[in-house]
Amino acid sequence: MKICIWVTKIFDLGGTKRVVTLLANELVKEHDVTIMVYQDRFREDRTMYHMSEDIKVDFIDNDAFVDRHWTPAFGARFVIKKLNENYGIFNKKCFNHILGDALFPKKTRDRWVEYLNQQDYDIIITTAALSLRLGMIAPRLNAKTIGWQHNCYSGYVDVPKVVFWKQECLLQEYLPQLDRYIVLSDYDKRDYQKFLGIDTEVKINPRSFVSEKKCNPDAKRFLMATRFVYAKGLDLMMQSFEEFCKQDDEWELDIIGDGELWDEILAEARKRHVDKRVHFIGYTNEPEKYYLNSSVFLLPSRWEGWPMVIMEAFEFGLPVIAYHMGAMDLIIDDQKTGFLPEAFDTHKFTEAMLKLAHDDELRHQMHRNAIEKSADFNIDKAVVAWNDLFNRLMKE
C-alpha cells in the first residue's frame with residue numbers, strides 16, 4: 001500500500017515525532033511510506049529517531065497552499081479565530097461553516113484535495129490538529145483517511161488555546177468524516193463518545209526499542225526525559241524535589257530535554273536551592289546512558305496521552321512515579337511498577353519518591369516488575385494491529 005503520514009514536524013523533539021518515526025520504520029518494511037511535513041529541508045536529521053532511509057519525506061511549502069497576503073478576508077478570518085479562541089462565540093453548530101473557513105479556508109482545502117489526490121495514496125494518516133483539517137476534505141479524497149490522536153481527550157479539548165480548544169462543534173461534524181479516528185486508550189474512547197458522540201478505535205503506542213542493558217536499581221538517581229513546557233509539570237517537580245531534599249541528602253535528579261521554559265525552570269531550581277542536585281542535561285542523542293545510570297523515573301505531567309517515556313523507562317527497568325490522571329493507571333500498575341499519587345498533590349508525589357528512594361527491596365522488586373511489564377508494549381503487536389486496520393479499510 002502507498003501510505004502518507006501527514007504531520008507538522010518530524011525532525012524535532014517530542015513523543016509524537018518519535019512514535020510516528022517508530023511506526024513508519026516498521027511499516028516501510030511492507031509498504032511505500034511517505035512522511036509529509038511542514039519543515040524546511042535543511043532541518044532533515046534522520047539520526048534523531050533513526051528514521052529509515054527507505055521512508056520518503058515530502059517537505060511541504062505551506063505558502064503554496066495558504067494565501068498569507070493581508071486582505072479583508074484574511075483579516076476577517078483572523079478576527080473570527082481570535083474571538084472564538086477567547087470567547088467561544090463561533091463554537092456552535094450553526095457557525096461551523098464560518099469557523100471552519102477561518103481555520104481552513106475553502107481555497108486552501110481545494111489546493112490540498114488536488115495535491116493529495118495527485119499523489120495517489122491508498123491511506124492518509126494525520127496527527128493532532130491536522131486530523132480536523134483532514135476530516136474537512138476527507139469526502140473529496142481518493143484515499144482512506146485516519147486521524148491519530150497523540151494526547152488524552154482533555155489535553156486536546158480542555159486546555160485553553162491549544163489544539164481543539166472551543167472547537168467541539170467542528171469536531172462533531174468533521175471527525176466522523178474520517179474513515180477512522182484513533183485514540184490511545186479506552187478512557188479516551190469513552191470521552192469522545194460521551195462528550196462528542198464520536199466513535200473511535202484504540203491503538204496503544206509501542207515501546208521504541210529493546211535493550212539488553214538494564215539500569216542499576218541501586219543508583220541513587222532520579223530521571224526525567226521531557227520537554228520544558230507547562231504541560232510537563234516541571235514547576236511541580238521542583239516543588240516536590242525541594243521537599244524531598246529536606247529529608248534526603250544523597251539522591252540527585254537528571255533532566256534531559258529542553259524547551260521554552262528552560263530559563264524559568266532553572267531559575268525555579270535556584271530559588272528553591274536544589275540547583276546543586278538537579279542536573280539540567282539539555283537535548284542529548286544518548287539518552288540511554290542516563291536511563292542506565294538512574295533507578296527511578298519521574299513524570300509529573302499535568303496531562304498526557306500515552307507517554308513513550310514510560311515504556312522506555314520500563315524497558316530499562318525503571319519504576320515510574322506519575323500523577324494519577326489520564327491513562328496512567330492503564331500503563332502503570334500502582335505499587336507494582338511505580339506509584340500514582342493523587343493529581344496534582346506535590347506532597348504525595350514527594351512521599352512516593354521517598355518511599356522508593358529509601359526502600360531498597362521495594363525498588364529492586366519494582367525494577368523486575370517494570371522489565372516484565374515492558375513486554376506488553378512490543379512493536380510487533382502494534383504493527384499487526386495497524387496492518388489489520390489498513391486491510392479492513394481497503395475492503396470497505
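The values are calculated or read from the model by the stated rules, or taken from the named source; none is laboratory data. If you're wondering where the values come from, they're calculated on a predicted model, not measured in any experiment. Cβ sites come from the backbone with ideal geometry, for glycine too, and all protein chains shown count toward neighbours.
General observations
- Selection status of LEU292, touching a Phe, Trp or Tyr at 6+ places or on another chain (Cβ under 7 Å), without any contact (Cβ under 8 Å) to a residue 60 or more places away in the chain and not basic (Lys, Arg): no
- Total residues in segment 106-140 satisfying the condition of being outside any helix (DSSP H, G or I) and either over 27 Å from the mean Cα position of the chain (by Cα) or small (Gly, Ala, Ser) (or both): the figure is 3.
- Residue count, segment 37-83 (criterion: more than 28 Å from the chain's Cα centre (by Cα), among the aromatic types (Phe, Trp, Tyr) and not in a helix (DSSP H, G or I)): 1
- Within segment 127-154, tally of residues that are at pLDDT below 95 and over 24 Å from PRO105 (Cβ atoms): 6
- Sole exception among (1) in contact with a Cys (Cβ under 6 Å, 6 or more places away or on another chain); (2) closer than 24 Å to THR71 by Cα for TYR121, by number: (2)
- Any chance ILE310 is in contact with a strand residue (DSSP E or B) (Cβ under 8 Å, 6 or more places away or on another chain) and among the β-branched types (Val, Ile, Thr): yes
- Some residue of segment 16-25 being at pLDDT 95 or above, of a type in the set (Val, Ile, Thr) and in contact with a helix residue (DSSP H, G or I) (Cβ under 9 Å, 6 or more places away or on another chain): no
- Residues that are more than 15 Å from LEU171 (Cα to Cα) and crowded, with 24+ Cβ neighbours inside 10 Å, drawn from segment 123-144: ILE124, ILE125
- Listed by position, the helices (runs of 4 or more DSSP H) enclosed by segment 161-272 that each have at least 3 residues that are more than 18 Å from the chain's Cα centre (by Cα) are 168-174, 234-245, 262-271.
- Pairs linking a residue in segment 270-288 that is in contact (Cβ under 8 Å) with a residue 40 or more places away in the chain and surrounded by 13 or more Cβ atoms within 10 Å (Cβ to Cβ) to a residue that is hydroxyl-bearing (Ser, Thr, Tyr) and part of a loop (DSSP other than H, G, I, E, B), with Cβ atoms under 9 Å and 6 or more positions apart or on different chains, are GLU288/SER211.
- Check on SER240, buried (at least 18 other Cβ atoms within 10 Å of the Cβ) and in the same structural domain as GLY326 (by TED's automatic domain parsing): yes
- Tally of residues being out of contact with any Asp or Glu (no Cβ under 9 Å at 6 or more places or on another chain), over 24 Å from PRO160 (Cβ atoms) and surrounded by 14 or more Cβ atoms within 10 Å (Cβ to Cβ) across segment 73-108: 0
- Screening ASN387 against (1) closer than 26 Å to LYS213 by Cβ; (2) surrounded by 14 or more Cβ atoms within 10 Å (Cβ to Cβ) leaves a single unmet condition, (1).
- Test: residue in segment 117-132 that is among the small types (Gly, Ala, Ser), over 24 Å from ASP388 (Cα atoms) and in the same structural domain as VAL19 (by TED's automatic domain parsing): yes
Quick grid of which residues meet (1) without any contact (Cβ under 8 Å) to a residue 40 or more places away in the chain; (2) touching a His at 6+ places or on another chain (Cβ under 6 Å); (3) over 28 Å from GLY257 (Cβ atoms); (4) not assigned by TED's automatic domain parsing to the domain that holds ARG140:
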site: VAL183; (1), (2), (3), (4): yes, no, no, no
site: ASP186; (1), (2), (3), (4): no, no, yes, no
site: LYS194; (1), (2), (3), (4): yes, no, yes, no
site: LYS213; (1), (2), (3), (4): no, no, no, yes
site: ASN216; (1), (2), (3), (4): no, no, no, yes
site: THR226; (1), (2), (3), (4): no, no, no, yes
